[in-house]
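Here is the structure we will look at, set down as structure tokens.
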Amino acid sequence: MPLTHRSTLTQFLIEERRRFPGASGDFNALILDVALACKAIARAVALGELASPACPQADPGAAGAINIQGETQTPLDVLSNKVFIRRTEWAGNLAGMASEEMELPYQIPGQYPRGKYLLVFDPLDGSSNIDVNVSVGSIFSVLRASPELEASGRDVCEQDFLQPGSRQVAAGYALYGPTTMLVLTVGDGVNGFTLDPNLGEFMLTHPKLQIPADTHEFAINASNSRFWEAPVKRYVDECLAGKTGPRAKDFNMRWIASMVAEAHRILMRGGVFMYPRDTKDMSKPGRLRLLYEANPIGFLMEQAGGRASTGERPMLGVQPQSLHQRIGLVFGSRHEVERIERYHAEPVHTEMDNPLFTERSLFRV
Ligand code: AFP
């Protein structure tokens, strides 16, 4: 399609806003600020090692620091977090922010007005892949501040952010891969924008993304298989059994270890992603975070006709208990996610159900 026919992100947002004649424009301004943050992060990521020695904004001392998740922060994690804050705090659209990289909610500084939205983000998901030049991304979610918070203009607290994913106003991610893309939902489908590096503009290239309901591709970190719960093990075993197994078709497996890249693949061609709750560390009910990973990706999936779940129930219905809560996450092609939910609802089949293990068998226990 010629350049003259493509919408820019700004044009897209203005056209969307026309559906809401009373809209103030604050929301559009916020999304454009987030998009600018993503462009800045894309540049920093693209420079790679070239940026490291002389990158003035990065705090080299922070490299190797441990964040609230107990995970090592890279300098780019720290830089990306700062970029998100600086690009969005000033405009008067936000009541507060929360990020993977900050233990406590971020207060909008006193010199700026406060607004009616809350921004929650993972500034650089998959950053442990930076060293090996694999795609990484930023994930964000926009929530409405409560009327009380908006009216009072008080400092935000953790409780303000503990809203189920169904209350998200918008969600999206930027993917820093061979091209930089911004994929966004404002609750009316999912649209993908590619950064035109000549213009510095996100151009609408992937309108109305739809995830096929069926797939033969799954993604899971198989090194955790000994910790999986029975329904997950059953699902994966059946996929691995291929044509001669109960699914009667061969499956393909992918694992990038960069969820934003996996979500993008699934939005483009279907598939199912699982980072389920497991027994590896009983203090962690899952690896990924509810508010700034599972909910925004879940909103995108549902808006593209896919499904997102804890494995047992829809992700967007979960009432968050804390800012950095972890959760089991399954998302992607609708029929596969529904199947995994069904396996969780069914009684667990163990090898004891096998006739070889019955009362009179050689293997009875
Ligand atoms: P990092 O941001 O620390 O690289 O973590 C990435 C991530 O949160 C998610 O994007 C991956 O799907 C997942 O972790 C990979 O986890 P494993 O290292 O256990 O495979």
The stretch 159-188-the stretch 316-346 distance, computed between alpha-carbon centres (Å): 17 Å
Whole-number Å³ per residue for the convex hull built on Cα positions in the stretch 236-311: 110 Å³
Residue among Val337, Val34, Val132 with the largest mean-square fluctuation in a Gaussian network model of the chain, springs linking Cα atoms under 10 Å: Val132
Rel. contact order, % - alpha carbon contacts under 8 angstrom, at least six apart, the chain: 14 percent
q = 0.09, 0.10, 0.16 Å⁻¹: log10 I(q)/I(0) that the Debye formula gives for the stretch 217-345, counting C-alpha atoms only: -0.22, -0.28, -0.74
The stretch 227-336, dipole about Cα centre (Lys/Arg Cβ +1, Asp/Glu Cβ -1), debye to the nearest 20: 120 debye
Computed over the stretch 3-206: relative contact order in percent, which uses C-alpha pairs under 8 Å that are six or more apart: 17 percent
Accessible surface, the chain, averaged per residue in Å² (probe 1.4 Å): 46 Å²
Residue-by-residue Karplus 3J(HN,Hα) for the stretch 247-252, coefficients 6.51, -1.76, 1.60, Hz, glycine and proline x: 7, 6, 8, 7, 10, 10
Using distinct alpha-carbon pairs, which all enter the 1/r mean, Kirkwood radius of the chain in Å: 21.5 Å
Cα-centre dipole for the chain with unit charges at Cβ (Lys and Arg positive, Asp and Glu negative), debye to 20: 640 debye
Solvent exposure ordering (accessible area, 1.4 Å, most first) of Tyr275, Tyr112: Tyr112, Tyr275
The stretch 132-287, dipole about Cα centre (Lys/Arg Cβ +1, Asp/Glu Cβ -1), debye to the nearest 20: 660 debye
Distant-in-sequence amide H partners of Gly137 (H built 1.01 Å from N, under 5 Å): Asp125, Tyr176
Residues whose placed amide H lies under 5 Å from that of Ala98, excluding near-sequence neighbours: Tyr106, Leu119, Val120, Phe121
Relative contact order of the stretch 217-345, pairs being alpha-carbon contacts under 8 Å that are 6 or more residues apart, as %: 27 percent
Phi to ³J(HN,Hα) by Karplus 6.51 cos²θ - 1.76 cosθ + 1.60 over the stretch 80-86, Hz, x for Gly, Pro: 4, 4, 5, 4, 4, 5, 5
Rounded percent of accessible protein surface that carbon and sulfur make up, the stretch 217-345, 1.4 Å probe: 50 percent
Anchor Lys82: lysines whose Cα lies under 20 Å away (excluding residues fewer than 8 positions away in-chain): Lys39
Cα-based Rg / Dmax (Å) for the stretch 3-206: 16.9, 49
Between helix 230-241 and the chain: long-axis angle, C-alpha atoms, 0 to 90°, nearest 10: 80 degrees
Area of Glu302 that stays accessible when all protein chains are in place (1.4 Å probe, Å², to 10): 60 Å²
Using alpha-carbon coordinates, inclination of helix 259-269 to the longest axis of the chain, degrees: 80 degrees
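The values are calculated or read from the model by the stated rules, or taken from the named source; none is laboratory data. These figures come from a predicted structure and were not determined experimentally. We place every Cβ from the backbone using ideal geometry, glycine too, and count neighbours over all the protein chains shown. For the accessible areas, the whole protein counts, side chains as well, though only heavy atoms, and no ligand, DNA or RNA atoms are used. Shrake-Rupley method; radii C 1.70, N 1.55, O 1.52, S 1.80 Å.
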